[in-house]
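Quick notes on the structure that follows.
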Amino acid sequence: MTAVRQDAWSEEDDLILAEVTLRHIREGGTQLAAFEEVGEKIGRTAAACGFRWNSCVRKKYEAAISIAKAQRQKRSQYRKHSAVGSSVSSVATLEGGESAGSAGKHDPLSEETISIDAVIRFLRQWKGTYQEMNRHIKALEKELKDKDEELDELRRVKDNLDKQMNHVQTDYRVVNDDYKALIQIMDRARKLAFLAEEEDEQKPRFKMDANGNLERIE
């Protein structure tokens, strides 16, 4: 009995699971049989394969599943009518002629083989597209990370500029307050000087006459 591996599923494992499961759907088999076949190929249990299919792989192959179901229906219809077609062909041969419709009839095996190849090509092309999308997503994630780092740097620069502007505004307010205080001091000094001049003018002045007496000057 094959032991269940504990490592992660690879893309090749998913591709094998998809190809085998689609073949069983197309040929009218059961998914359980498909999971058992895949388990033998990649060394996993049928339960693990079924869980992987239903949880992850199935949604990636919705278009291929629809194609496989349509081919299964067509195959089933062909089997239903094959017995009738075979009897008609036998009667026509016994009557001495080849059936008129046999020359234009498609080879079901060839048509089925072509359809399988088309599905396989589709799966492989989808795998390439998926890988390319992953690379594109990683590139976008890297670009987004770079933009986030650039944005963080711009925010740090803005914070530093805001701090410098706050310091400048504080210095301006201090200088402005000092200037106003100086203006007020100068205004008071001018007023005091003016008052002193008025007082000097209002004081009486005297002079001494020839007899030694003080005489007031008007």
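To the nearest 10, the accessible area of Thr129 is 70 Å² with a 1.4 Å probe. Among the listed pairs Lys69/Lys138; Lys59/Lys80; Lys138/Lys158; Lys69/Lys127, those with a Cα-Cα distance over 24 Å are Lys69/Lys138; Lys59/Lys80; Lys138/Lys158. Largest accessible area first, the listed residues Cys56, Cys49 line up as Cys56, Cys49 when surface is computed with a 1.4 Å probe on the assembled protein chains.
Accessible surface for Glu153 stands near 90 Å², nearest 10, in the context of the full protein assembly shown (1.4 Å probe). For the pair Thr30 and Asn213, the difference between a 0.36 nm per residue extended length and the Cα-Cα distance amounts to 51.0 nm. Rounded to the nearest whole Hz, the Karplus-based 3J(HN,Hα) values (6.51 cos²θ - 1.76 cosθ + 1.60, θ = phi - 60°) of the stretch 32-46 follow the sequence 4, 5, 5, 5, 5, 5, 5, x, 5, 6, 10, x, 10, 7, 4, with x at glycine and proline. Per residue, the convex hull spanned by the alpha carbons of the stretch 134-177 comes to 30 Å³. With a Förster radius of 25 Å applied to the beta-carbon distance between Asp117 and Ser55, the computed FRET efficiency rounds to 0.30. Under 14 Å from a label point set 7 Å out along the Cα-to-Cβ vector of Arg124, no amide N atom of the stretch 53-80 is found.
The values are calculated or read from the model by the stated rules, or taken from the named source; none is laboratory data. Not measured: the values here are computed from a predicted model. When we count neighbours, we look across all protein chains shown, and the Cβ atoms used for this are built from the backbone with ideal geometry, even at glycine. Please note that ligands, DNA and RNA were not included when accessible areas were found on the heavy atoms of the full protein model with its side chains. Shrake-Rupley method; radii C 1.70, N 1.55, O 1.52, S 1.80 Å.
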